[in-house]
Amino acid sequence: MTYTALAITLAFVCIPLVLSKALNLKLGADVTIATIRAIVQLLAIGYVLQLIFNQQNVLYSFLMVAIMILVATLNARKKGAQIDGITWKLALSLCAIEGIVMGVLLGFHIVPATAQYIIPLSGMAIGNSMVMSILFLNRFTVEIEAHEQEVELILSLGGTPKQAIHRQLIASIKASMLPTIESQKTIGLVQLPGMMSGQIIAGADPMQAVMFQLLVQFMLLTTASVSSVLLGFLSYRTLFNQKLQIIPEKFTGQ
Amino acid sequence: MTAAITFNDVCVTIQGTQIIHDVSGLFPKGKITTLIGPSGAGKTTILKLCNGLLSATSGAIMYNGQPLTSYDPIALRRCVGMALQGAPMIKGSVYDNLKLPKQLQGDKLLEADAIVALTQVGLDAKMIHKKAHDLSGGQRQKLSIARTLINPTDVLLLDEITSALDPYAVSEIEQLIIDMKNRGVTIIWITHNLAQAQRIGDYMWLMQRGELIESGPIELLETSNNERVQQFMRGELV
């Protein structure tokens, strides 16, 4: 694709801008900022990736993955402000996911240990895990605020904090995993995933593209389940004190 | 008079606000103490302190002569049971709710035992598989008491369990609580109904704005020279 052709695609940005103006949606500024950020960030990452791929130095790949984990952690932690130590808990779960995914993919020689494979696959795993973590934390906050009485009931009957929060924890884990599972059910029927489409457009063998996409889909299932389960079990304890009592400000979101 | 629970200079501060001020008093063993006072007096906080859902910021609470802090919180909550305000239920059937205290201990409650627990509180055995959320207010309160009593309860804490119930349901629950007392259970009952407090209480605590104004035999409500008790009896205490 040429830069001229890319410039023409900006027409797709003009349509939401016109609609925003016509319907007074007041989204003009957001659409403009999002477009500029996408252009700057993607061009920047394009140059960075070019540099890393040319160097073929494992240290650069490691650094790139570390930056991805750092940015994902900082982005997701805002949603779990009431959970003590949310930053390291998120970082730990993202590191665990990266470890599991790369452990399987590289350990079984499914993909070569080169930056061209490690960085995009890590980006997908960490990015999906970040979204799952945000979904989980959003839902968990709502659940604990809405069910404080139920939590208190179980504690009052002699339950442990884990038993008291179990239903809310499970509901939040399920809710955060559902989008990944649901989208997997309709893949190929409703939407063709971006990575697969990109490979086909670039001239790759469609079956090879499909096999890579399946690898990604299976990987995303792991990231979805591990991120919410790990984060959930690392987080629930901080809502209670040593005397197995609710910490009120954690439940009221104050 | 033997005390089941004793408060000594208990203060509670939550999120920077002191809500209980130097409370000292006792709840006699095997009696019904009615805990009365205007809204915001700190009555529910007193019950949560007894059950260990809250802790005193300063002062000491004794249960059977031992500091409450010396008990394992889980073991304490199984002995000092609490029927919470509004009778919250977990999602599921009446049976699911009744077996909850046993499940929390990794134990089972047989359906036959659940039926005994239901009939003890005057509920129909047929409703055991009914959804708990479909019960009427009075039925929920009775189920809440039955569920609390699945644990080997020595002290029963009741938080406004008859508010918004019809007179027949109120009378049934009062009789149930008197039966509990006759079985040796110590009862601490928060009520906004002065007539009810005098009708069923052996002992009373009158609270206002986190302070214990008066405590003693229920007759004290009529005979006390305390100006604030008299104001309360005239309905002027806020």
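The values are calculated or read from the model by the stated rules, or taken from the named source; none is laboratory data. For clarity, every value in this text was computed on a predicted model and none was experimentally measured. Cβ atoms come from the backbone with ideal geometry, glycine included; neighbour counts cover every protein chain shown.
Suppose the filter is at pLDDT 90 or above and either in the same structural domain as A:Ser225 (by TED's automatic domain parsing) or in a helix (DSSP H, G or I) (or both); does A:Leu92 pass it?
The answer is yes for A:Leu92.
Among the candidates B:Gly52, B:Gly81, single out the residue that is buried (at least 16 other Cβ atoms within 10 Å of the Cβ), within 11 Å of chain A (Cβ to nearest Cβ), in contact (Cβ under 8 Å) with a residue 40 or more places away in the chain and more than 25 Å from B:Leu237 (Cβ to Cβ).
Being buried (at least 16 other Cβ atoms within 10 Å of the Cβ), within 11 Å of chain A (Cβ to nearest Cβ), in contact (Cβ under 8 Å) with a residue 40 or more places away in the chain and more than 25 Å from B:Leu237 (Cβ to Cβ) holds for just one of B:Gly52, B:Gly81, which is B:Gly81.
How many residues are more than 30 Å from B:His21 (Cβ to Cβ) and charged (D, E, K, R) if we restrict to the range B:162-214?
Residues meeting the conditions: 5.
Suppose we filter B:Gly201, B:Gly138, B:Gly184 for residues that are more than 18 Å from B:Met233 (Cβ to Cβ), crowded, with 20+ Cβ neighbours inside 10 Å and out of contact with any Asp or Glu (no Cβ under 6 Å at 6 or more places or on another chain); which single one remains?
Matching residue, one of B:Gly201, B:Gly138, B:Gly184: B:Gly138.
Pairs please, first residue from the range A:81-110 and farther than 18 Å from A:Asn138 by Cα, second anywhere and aromatic (Phe, Trp, Tyr), Cβ atoms under 8 Å, 6+ apart in sequence or on different chains.
A:Leu105/A:Tyr117
Evaluate the following for A:Leu244: is it within 14 Å of another protein chain (Cβ to nearest Cβ) and not in a helix (DSSP H, G or I)?
Answer is yes for this residue.
Could you list, in sequence order, the residues of the range B:88-106 that are of a type outside the set (D, E, K, R) and more than 9 Å from chain A (Cβ to nearest Cβ)?
Result: B:Gly92, B:Ser93, B:Val94, B:Tyr95, B:Asn97, B:Leu98, B:Gly106.
Starting from residues that are under 14 Å from the mean Cα position of the chain (by Cα) and of a type outside the set (Val, Ile, Thr), keep the ones in the range B:191-219 and report whichever is nearest to B:Thr45 (Cα to Cα).
B:Trp205
Taking A:Ser172, is it of a type in the set (S, T, N, Q), at the interface with chain B (Cβ under 10 Å from one of its Cβ atoms), touching a Lys or Arg at 6+ places or on another chain (Cβ under 8 Å) and surrounded by 15 or more Cβ atoms within 10 Å (Cβ to Cβ)?
Taking the combined requirement at face value, the residue does not satisfy it.
Give me a count of the residues in the range B:55-78 that are facing chain A (nearest Cβ under 9 Å), assigned to a helix (DSSP H, G or I) and of a type outside the set (A, V, I, L, M, F, W, C).
Residues that pass the stated criteria total 4.
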